[in-house]
Amino acid sequence: MIGRALVLNATFEPLCVVSSRRALVLVLDLKAELVHSTGSEYRSARACFPEPSVVRLAQYVRVPRQTKVAISRRSVFARDGHRCQYCGAQAENIDHVVPRSRGGTHSWDNVVASCRRCNAAKEDYLLEETGFVLHEKPRAPRSRVWLLAASGEVCADWEPYVARVLHKSGERRDPAA
Ligand SMILES: [Zn+2]
């Protein structure tokens with residue numbers, strides 16, 4: 001298994017996930033400092049290095065606000081907590097809020113996780129033509145890190161940094177959004 005490392009910006013804000021090997025290269029090039037190690041080591045003929053699990057960039061990197069996350073069954077389920085956004089049951093399908101046959105797009109603000117029953121019952125109707133109410137307005141996930149956390153792929157070492165992002169993206173529950 002290839003180890004993964006969380007890369008933090010100079011401000012400790014999570015940026016991305018890379019292989020721990022790539023993270024080690026950043027550390028050896030003095031582009032990043034080691035924050036946590038997995039406890040394992042990389043050995044070469046001359047030396048051994050701790051395998052990074054969290055590194056922090058030496059210089060601040062400006063990040064574009066919108067990081068695009070691809071729409072897939074997995075990513076939509078992760079965003080919606082694996083719950084049907086109409087009735088709260090276990091999600092089994094992806095539903096287009098405005099059906100594609102009615103001009104709906106395959107975009108983050110028009111796809112939701114849905115149970116098979118709601119998905120089938122909604123058919124090709126618009127929300128206002130049915131009794132269905134959305135649990136919350138769907139929107140694009142804020143960052144890849146949020147998505148990683150939502151899909152349960154976060155190592156224990158990453159949690160303090162990722163939790164801050166999760167806490168901040170609690171704003172996605174804001175009913176006014
Ligand atoms: Zn449902």
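The values are calculated or read from the model by the stated rules, or taken from the named source; none is laboratory data. These numbers come from a predicted model, not from an experiment. Note: ideal-geometry Cβ built from the backbone for every residue, glycine included; neighbour counts use all protein chains shown. The area values use the complete protein model at the heavy-atom level, side chains included, leaving out ligands, DNA and RNA. Shrake-Rupley method; radii C 1.70, N 1.55, O 1.52, S 1.80 Å.
For the reader, a short list of remarks on this structure follows.
- Each label was represented as a point 7 Å from its Cα along the Cα-to-Cβ direction; for Glu33 and Glu128 these points are 5.7 nm apart.
- Simple spin-label estimate for His106 and Gln90 gives 2.7 nm between the two label positions (7 Å along the Cα-to-Cβ direction from each Cα).
- Paramagnetic reach from His82 in segment 98-129 [backbone N under 18 Å; point 7 Å along Cα→Cβ]: 112-117
- Rolling a 1.4 Å probe over the protein heavy atoms gives segment 73-129 an accessible area of 53 Å² per residue.
- Cα gyration tensor category, rounded, prolate or oblate, for segment 73-129 with a/c compared to 1.5: oblate
- Applying 1/(1 + (r/R0)^6) with r as the Cβ-Cβ distance of Arg46 and Arg21 and R0 = 25 angstrom yields a FRET efficiency of 0.90.
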